[in-house]
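J.: I'd like to ask some things about the structure below.
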């Protein structure tokens, strides 16, 4: 059995090497080209969330927080920039049962996007 060490999101190797540049400057691969059908399914989930009736003032912070926890700079940048563009601020909102289900799907979708962006070293276009 061969033990493998995987880098956890947002953490750098402890061996003294500075792997940060390699992890952020160049995309590793394009998942849309590598697995187009899988990515179509994820895009379909994202499209559902966007059309679910949830207000973007609720979607953006819900997507930003898991992105922070997962260490996904690409998604943090995208969702905070979009929220600022719309003039959004932090607010607490009560939601219905349907909205709760849709928010749960929103969290599932952003977690999947974070895994893809981190794994394939996505670089946000504005950088």
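A short reminder: the numbers here are calculations on the coordinates, not readings from a lab. Remember, it's a predicted structure, so these values are computed and weren't measured experimentally. Cβ sites come from the backbone with ideal geometry, for glycine too, and all protein chains shown count toward neighbours.
J.: How do 78, 39 rank when sorted from fewest to most other Cβ atoms within 10 Å of their own Cβ? Before the final figure, lay out each step's value.
T.: On the way: 78 21, 39 16.
Listing 78, 39 from fewest to most nearby Cβ atoms yields 39, 78.
J.: For the stretch 27-127, what is the Kirkwood estimate of the hydrodynamic radius, computed as the reciprocal of the mean inverse distance between distinct Cα atoms, to one decimal in Å?
T.: Numbers: mean 1/r = 0.0705 Å⁻¹.
Evaluated over the stretch 27-127, this radius sits at 14.2 Å.
J.: Continuing with the same structure: With labels modelled as points extended 7 Å from the Cα through the Cβ direction, what inter-label distance (nm, one decimal) is found for residue 107 paired with residue 82?
T.: 1.9
J.: As a footprinting exposure proxy, order 28, 33 by other Cβ within 10 Å, with the fewest listed first. Present the calculation step by step, with values, prior to reporting the outcome.
T.: On the way: 28 14, 33 8.
Fewest-to-most Cβ neighbours within 10 Å comes out as 33, 28.
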